[in-house]
Structure formats: C-alpha cells, structure tokens
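The values are calculated or read from the model by the stated rules, or taken from the named source; none is laboratory data. Worth saying up front: this structure is predicted, and the values here are computed from it rather than measured. Glycine gets a Cβ as well: all are built from the backbone with ideal geometry, and neighbour counts include every protein chain shown. Keep in mind that these areas ignore ligands, DNA and RNA; they rest on the heavy atoms of the full protein, side chains included. Shrake-Rupley method; radii C 1.70, N 1.55, O 1.52, S 1.80 Å.
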Amino acid sequence: MARTRSQGYDSVKQAIIDNAAKLFATKGFPSTSINEIAESAGLSKAGVYHYFDSKSEILRAMLTEHLETVTEIVDTALNTSEPPRAKFLAFTRMLVESYTRAASRNQHVVLMSDIDALQPKDREFVVATERRIIRAIERLLESIHPPLKDHPDFSRPLTMLFFGMINWTDNWYSEKGRLAPVELATLAAELFLNGLEHTDYSGIQKPA
C-alpha cells in the first residue's frame, strides 16, 4: 500500500535530512541512531520511517542532494560566456559559499567521512557523479592553462590538489574570522591559478 503524503511532507523530509546531516557530521554515521534522528527532528521513530525506510536511505538522499547542489554550481559557473579564468573564480566562490552554509557544510562533512557507509549501488552513483564533476574542472583547467594539454598526466592530480585545498576548508574556517567566504574563495582560486601558470612540468620527473 502506498504511503499517504501528509501536509508539509517535503519540509518534514528535509528537516529529517538536515538534522541527520548534523548528527552524522558530529558523531559519524555508524554511531547515530534512528531514535536520535527522530528526536532531533521532533518526530517519533515511526515518524521517521514514514519518510525513509532506513538510516542508509537517509544517507543516500542526503549525499544525492549535496552532489546535486555541487553539480548545479558547476553548471551555473561553467555554462556562461565568461572567459575560463572567470568561470574558475565563479565556481570556487560558489563552492566555498556553499560549503560554509550550515546545512551544506554538514552534508559535505558526511560525504568526506561516511561515503563507505552507502550501499554499493548508491556509492557507485555518488562516485560516478564526483568523477563527472572532477572531469569538468579538469577540462576547465586545461582551457585556462593550455600547456596541460601537452602534459595530460598532470591534469587529474592538479584538479585533485585543488579540491583537496577546498574540500577541507570546513575543518578550520570560521565565520568569525577576518575573511568572508567570497574573499577566502578568491584567495584560494588566485593562489592556485597563479601557481598553475608558473609550474614547469618538464622539471617534474616520474620515479623510475
């Protein structure tokens, strides 16, 4: 029998996801119970199960939502007539601004720490989505810095170095600090691109 949707169904479902994200980010997915999620969302355990069949389904919905947000950021930043460098700056700003908002920040922490808790088919979907995002930024970097096209082995490592710099911002960034998210993003993007432009690939030797 199909579940009956109550008034405000979508807002309650989102509240479950947001409260679960906060708990998963703080305690970790394995250490968080359905009872804790229910209590934090102001629901009974049965109330949570009206929206999700399991804790794993909450995790899947949460990470899918997060990656949809990042994909939208990629599409918004890259599908413009702006020059490549401006696109990269816009993408970095939007990504950092997203990561520093509480709900998205929690989801991002969960993605970084609990992806292995997903069911195999769900993990495959998440990883495939991440790869598409990474590949889009690889192509953008190659258009910003054409010498990369002659050194394709460096495109992926450079892209991952960039994401490594951005993805862990949530570990130390504080809104009480001296830099606003947009300022921090601009600093990170300029630092990365200026370093990229002055990299001599011929001087980097692979181990024998």
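Descriptive notes on the structure:
- Annotation: per residue accessible area for the chain equals 56 Å², rounded to a whole number [probe 1.4 Å, protein chains only].
- Gyration tensor verdict on the range 106-208 (Cα atoms; rounded if a/c is under 1.5, prolate if a/b is larger than b/c, oblate otherwise): oblate
- Candidates Gly42, Gly177, Gly164: whichever shows maximal mean-square fluctuation once the chain is modelled as a Gaussian network with Cα springs under 10 Å: Gly177
- Each Cα pair under 8 Å and six or more residues apart adds its sequence gap; the mean of these over the residue count of the range 48-169 is a relative contact order of 28 percent.
- Phi-based couplings in Hz for the range 104-110 (Karplus 6.51, -1.76, 1.60; Gly and Pro marked x): 5, 4, 4, 4, 5, 4, 5
- Chain lengthening between Asp150 and Arg85 when straightened (0.36 nm per residue, less Cα-Cα): 21.5 nm
- Each semi-axis of the equivalent ellipsoid for the range 66-130 is √(5λ) with λ an eigenvalue of the Cα gyration tensor; in descending order they amount to 25, 15, 8 Å.
- Sequence-separation-based contact order of the chain, relative, with Cα cut under 8 Å and 6+ spacing, percent: 22
- The chain - mean residue ellipticity at 222 nm from DSSP helices (-39,500 (n - 2.57) per run, n ≥ 4, rounded to 500): -22000 deg cm²/dmol
- Cβ-Cβ FRET estimate between Glu183 and Glu36, R0 fixed at 41 Å, reported to 0.05: 0.65
- Length released on extending from Trp172 to Arg123, taking residue separation times 0.36 nm less the Cα-Cα span: 14.9 nm
- 3J(HN,Hα) couplings calculated from phi for the range 130-147 with the Karplus curve 6.51 cos²θ - 1.76 cosθ + 1.60 (θ = phi - 60°) are, in sequence order, 4, 5, 5, 5, 4, 5, 4, 6, 4, 5, 5, 5, 5, 6, 6, 10, x, x Hz; Gly and Pro show x.
- Within the assembled protein chains, the solvent-accessible surface assigned to Glu72 is about 120 Å², based on a 1.4 Å probe.
- For the chain, the ratio of Cα radius of gyration to the globular rule of thumb 2.2 N^0.38 Å stands at 1.18.
- Projecting the Cα atoms of Gly42, Leu187, Leu140 onto the charge dipole of the chain (Cβ charges, centred on the Cα centre) puts Gly42 farthest toward the positive pole.
- If you take the Cα centroid of the range 70-121 and the Cα centroid of the range 179-201, the two points sit 17 Å apart.
- For the chain, the Cβ-based charge dipole about the Cα centre amounts to some 320 debye (Lys, Arg positive; Asp, Glu negative; other atoms uncharged).
- Rounded, prolate or oblate (a/c below 1.5 giving rounded, otherwise prolate when a/b exceeds b/c) for the range 124-183 by Cα gyration tensor: oblate
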